[in-house]
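**Student:** Quick one: this structure, given as C-alpha cells, is what I'll be asking you about.
The values are calculated or read from the model by the stated rules, or taken from the named source; none is laboratory data. Not measured: the values here are computed from a predicted model. Cβ coordinates were reconstructed from backbone atoms using ideal geometry, including for glycine residues, and neighbour counts include every protein chain displayed. Surface accessibility is based on the protein's heavy atoms, side chains included, excluding ligands, DNA and RNA. Shrake-Rupley method; radii C 1.70, N 1.55, O 1.52, S 1.80 Å.
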Amino acid sequence: MSIAQHISEIQAQLKFSSAKLIAVTKTRSIDELKATYDAGILDFGENRVQEMVEKQSQLPTDIRWHQIGHLQTNKVKYIAPFVHLIHSVDSFRLLKEIDAQGKKLGRIIPCLFQMYIAQEESKFGLDKGELLSILASPEFAELQHIKILGLMGMASFTDNEAQVAAEFQALHDVFIELQTQQTAYNTGLVTWQELSMGMSGDYLLAAKLGSTMVRVGSAIYGARS
Ligand SMILES: *Cc1c(COP(=O)(O)O)cnc(C)c1O
C-alpha cells in the first residue's frame with residue numbers, strides 16, 4: 001500500500017472519534033513527507049529539532065509542525081519561529097524558555113504538558129502533583145507568550161491492552177478534571193482542549209478513550225530502520 005492508502009485507511013478507522021491524525025515523520029525522507037502532504041495531511045510530528053528545521057525549510061509553509069519528542073531548553077530557539085504545537089513540555093524551566101523565545105518573536109507558542117503515565121522506567125514527563133504545582137505557581141501566571149492547550153502522554157510499550165487502556169484512561173481522567181476545574185487556574189493561559197495520546201500500536205484504543213490527536217508513524221510508513 002502507498003502512503004496515501006495507509007493514511008486514508010487510518011483516517012477511516014478514526015472517523016468515529018474526534019481524534020486528528022498527526023503523521024510522525026521523524027527519519028522519513030523529504031519525498032515521503034511530500035507524499036504525505038499530497039495525501040492531504042498538514043500536521044507533521046518530529047522529535048529532533050535539527051531534523052524538523054531542515055525539513056521545514058524545504059516543504060510548504062502551510063504544514064503545521066509538532067514537536068513531539070523531548071526538547072532541550074537550549075534548542076527551543078530553533079523551532080520557536082514556526083512550531084505549531086510543542087507536545088513535550090516536561091518541566092517549568094522548559095516552559096519558561098519557550099515563553100522567553102515567544103516574547104522575542106512576538107508570538108504565543110502553543111504547548112501541551114507531557115504527562116508520565118507508563119509503568120515502565122521513562123525519563124520524561126510530569127506526574128499529576130508536579131503539573132498541579134506548576135499550574136498553581138505565581139510564576140506560571142506571569143507567562144505571556146505560551147498557551148497551554150492540553151496534555152500529552154505515552155503508554156507503556158507492551159502488548160497488554162488492558163494496561164495501556166488503564167494508562168490512557170488515567171490520563172483522560174486528569175484531563176477531564178482539569179477541564180472542570182479550569183477556573184482554579186489562570187484561564188487566559190490554559191484551555192484544556194487537546195489530549196495527545198496514541199501511536200501506531202494503540203491509536204484506536206486512544207481514540208476510544210478520548211484522544212484528540214494521535215501521533216502515528218510506522219503504521220503509515222513502515223518500521224523505522
Ligand atoms: C516516534 C513517536 C511516535 C510515533 O511512533 P510510531 O510507533 O511509529 O507510530 C509517537 N509519539 C512520539 C512521542 C514518538 O517519539
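**Student:** List the pairs whose first member sits in the stretch 16-30 and is closer than 15 Å to GLN58 by Cα and outside any loop (DSSP other than H, G, I, E, B), whose second member is more than 9 Å from the ligand (Cβ to nearest atom) and open to solvent by less than 40 Å² (accessible area, probe 1.4 Å), and whose Cβ atoms are under 8 Å apart, counting only residues at least 6 apart or on separate chains?
**Tutor:** Pairs found: ILE30/LYS55; ILE30/LEU59.
**Student:** If you check every pair at least six apart or on different chains, which have Cβ atoms under 8 Å apart with a residue in the stretch 86-97 that is free of Cβ contacts under 8 Å to residues at least 60 places away in the same chain first and a residue that is aromatic (Phe, Trp, Tyr) and more than 15 Å from the ligand (Cβ to nearest atom) second?
**Tutor:** Going by the 8 Å Cβ cut-off, the qualifying pairs are PHE92/PHE140; LEU95/PHE140.
**Student:** Still on this structure, I have one more. For the stretch 7-23, does any single residue satisfy the condition of being within 22 Å of ILE108 (Cβ to Cβ) and at pLDDT 95 or above?
**Tutor:** Yes: one or more hits.
**Student:** In this structure, is LEU195 within 16 Å of the ligand (Cβ to nearest atom), of a type in the set (A, V, I, L, M) and under 15 Å from the mean Cα position of the chain (by Cα)? Working first, answer last.
**Tutor:** Numbers: within 16 Å of the ligand (Cβ to nearest atom): yes; of a type in the set (A, V, I, L, M): yes; under 15 Å from the mean Cα position of the chain (by Cα): yes.
So LEU195 fits the description; yes.
**Student:** Let me ask another. Name the helices (runs of 4 or more DSSP H) wholly inside the stretch 144-223 in which the number of residues that are of a type in the set (Asp, Glu) is 3 or more.
**Tutor:** Helices (runs of 4 or more DSSP H) meeting the threshold: 161-180.
**Student:** Sticking with this one: Exactly one of (1) in contact with a helix residue (DSSP H, G or I) (Cβ under 9 Å, 6 or more places away or on another chain); (2) in a helix (DSSP H, G or I); (3) free of Cβ contacts under 8 Å to residues at least 24 places away in the same chain is unmet by GLY129. Its number?
**Tutor:** The single condition GLY129 does not satisfy is (1).
**Student:** Among the residues of the stretch 150-176, count how many are open to solvent by 30 Å² or more (accessible area, probe 1.4 Å) and under 23 Å from PRO110 (Cα atoms).
**Tutor:** 4
**Student:** List the residue pairs whose Cβ atoms are under 8 Å apart, where the first residue sits in the stretch 58-71 and is away from the ligand (no atom under 16 Å from the Cβ) and open to solvent by less than 70 Å² (accessible area, probe 1.4 Å), the second is part of a loop (DSSP other than H, G, I, E, B) and not β-branched (Val, Ile, Thr), and the two are 6 or more positions apart or on different chains.
**Tutor:** Hits for this filter: ILE63/LEU42.
**Student:** Evaluate the stretch 108-122: report whether one residue or more is surrounded by 15 or more Cβ atoms within 10 Å (Cβ to Cβ) and assigned to a helix (DSSP H, G or I).
**Tutor:** The answer is no, given that none of the residues of the stretch 108-122 is surrounded by 15 or more Cβ atoms within 10 Å (Cβ to Cβ) and assigned to a helix (DSSP H, G or I).
**Student:** In addition: If MET52 passes every condition in (1) part of a helix (DSSP H, G or I); (2) within 17 Å of the chain's Cα centre (by Cα); (3) surrounded by fewer than 19 Cβ atoms within 10 Å (Cβ to Cβ) but one, which one does it miss?
**Tutor:** Condition not satisfied by MET52: (3).
**Student:** Among (1) buried (at least 19 other Cβ atoms within 10 Å of the Cβ); (2) within 17 Å of the chain's Cα centre (by Cα); (3) more than 16 Å from the ligand (Cβ to nearest atom), there is one condition ASP99 misses while meeting the rest; what is its number?
**Tutor:** Of (1) buried (at least 19 other Cβ atoms within 10 Å of the Cβ); (2) within 17 Å of the chain's Cα centre (by Cα); (3) more than 16 Å from the ligand (Cβ to nearest atom), only one is false for ASP99: (2).
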